[in-house]
Structures are given as C-alpha cells and as structure tokens.
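Here's the structure we're looking at; comments come further down.
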Amino acid sequence: MQNTIETERLIIDWRTVGPFAANSYLVVCKETREAVLVDACDEAPVLQQMIETHDATLKILLQTHAHLDHVAALADLKKWSSAPIYLHPDEKMLYDNVEQQCSLFGLPPFPSPPPVDHWMEDHEVISFGNLQIRTILTPGHSPGSITFHMDDFLFAGDVLFMGSVGRTDLPGGSMKVLLKSIQRLIQDVEKASVFPGHGPPTELAREAKTNPFLASLR
Ligand SMILES: [Zn+2]
Ligand SMILES: [Zn+2]
C-alpha cells in the first residue's frame, strides 16, 4: 500500500510491510531532502525504493520500539545508508533478544539488528534538514515505547491505533501504564494526526472522544 501526505515543509510517505502489516514512515525535509525513517519494519528493498523515490538522504533510523515487527529491516537499511539507529534504553532487553521474540511467535529467526548508535531520552529534540522532531516517552505496550511528535503529527508506534490501543500482554507491557501514556499524549499534544504502527492514520481528538479503550480517561 502506498500513501503520501505533503505540507509546505515536509513529505510523509509510508509503506505497510512484513507478516504483521507494520507501517514504516518516511519524513522528508522538502528543502534539503534529508529524511528520517520511523521504524525499519521489514522488506528493506521496498523501504529503500520509497526513499529513492523522494530523492532523499536517510539521516536517522528512528525506532518507536523494538518488537520484531518493527526492526526486521534495520540491519539491511543500516548497511545501505550507514544512518545511526535511535532507540530508548528501556527497549534494550527486547532489542537484544529478537531471536527469542521470533520463537515466541513461531517465526524463523532473522539476523540480529546492529548496535544502537544513540539512546533517546524523553523530550529529546532531534534535528534533520530544517525539521525537528520531539520524543515523548509512552510506555505500556513495551517498556520504552517512544511517540515522535512533529508539527501536527504523531508517530505513535503500537501505543494508539484507530479505535484501539497496543496489546499489553507481551513482556514489559501494562494496560495501566499504557493508558497513562495515552492520557499524557492527549494532554501534551492538543491536536494532531496520529500515524500508528499498524492500520490507517487517525486524529488524536477523535480517539480521545470515541476510542472505546480510552473510556476511563473521559
Ligand atoms: Zn509492538
Ligand atoms: Zn507492531
């Protein structure tokens, strides 16, 4: 599936890849053509082609979290671009045990992702081209899930979906912590389009109002 959104300053393009139909998002600075990829999920050639289509230079591999369906293309994309990999330190356990994650889902193992180059903090500002993206720590689906905030856009990984929220039954998950994280998003970021790790984009205000999993926050 192919999708693009364009504003004055940036292009957001994405592909849905791999056996879990995960979304990999490319954000391109229109002026400099520098870009970041949010989650190198799978199918590296598809993602490389997306980047080439925009004549973009991949500057950073940003990871929302380290579940197997979000990291399978990291090794290939790192080799292809030499872009640094950014992850939150609370994801290290998952990142170092991709093989175990695969066996948990009965999937054949894939090569371990390369070492993380930069451990992100909460509220960190990351610059590329003429753009800046801010980190918001949103644990609950996984211990160090990061939501990326830029202009009126949120890249939420598996924290929040259209009409649903991330599963919390995997190691390090907690529904109580997840709901607190989403509450923080709703309070911190008043208005934004949400680009989730799976499924179609949605609006934060719409989810705050209608998402049945967030009923206790209303
Ligand atoms: Zn996940
Ligand atoms: Zn996922």
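Where a number appears in this text, it was derived from the coordinates with a stated rule and is not lab data. Since the model is a prediction, treat every value here as computed from it, not as a measurement. Methodologically, a virtual Cβ is constructed for each residue, glycine included, from the backbone with ideal geometry; neighbour enumeration extends over all protein chains shown.
Computed over the range 16-129, the convex hull of the alpha-carbon atoms projects to a mean area of 6.8 nm². Sites count as exposed loop sites when they are GluC sites (Glu not before Pro), lie in a DSSP loop, and have at most 12 other Cβ atoms within 10 angstrom; the longest stretch of the chain without one is 32-120.
Counting charges near D42 (Lys, Arg +1; Asp, Glu -1) among other residues having Cβ under 14 Å from its Cβ returns a value of -3.
Loop only per DSSP, at most 15 neighbouring Cβ atoms within 10 Å: give me the chymotrypsin sites (Phe, Trp or Tyr not before Pro) in the range 78-125, ordered by residue number.
Of the chymotrypsin sites (Phe, Trp or Tyr not before Pro), the ones in loops of the range 78-125 whose Cβ has at most 15 other Cβ atoms within 10 Å are F105.
Taking the Cα centre of the range 2-217 as reference, the dipole from Cβ charges on Lys and Arg (+1) and Asp and Glu (-1) amounts to some 340 debye.
Listed cross-link partners K78/K176; K79/K191; K30/K78; K92/K209; K92/K176 are compared with a 31 Å cut-off, the Cα-Cα value being larger for K78/K176; K79/K191; K92/K209.
Taking only the C-alpha atoms of the range 2-217, Rg followed by Dmax gives 15.9, 45 Å. What is the Cα centroid distance between the range 152-218 and the range 32-91, reported in whole angstrom? With the range 152-218 and the range 32-91 each reduced to a Cα centre, they are spaced 23 Å. For E190, what charge total do you get from the other residues with a beta carbon under 12 Å from its beta carbon, if Lys and Arg give +1 and Asp and Glu give -1? Net charge in that neighbourhood comes out at -2. Taking K92, K176, K30 in turn, the Gaussian network model of the chain (Cα-Cα springs below 10 Å) assigns the largest fluctuation to K176. Count Lys and Arg as plus one, Asp and Glu as minus one, and take only other residues whose Cβ is under 14 Å from that of D152; the net charge is then -2. Packing around the peptides 72-78, 156-162, taken as the average count of other Cβ atoms within 10 Å per residue, puts them in this order, highest first: 156-162, 72-78.
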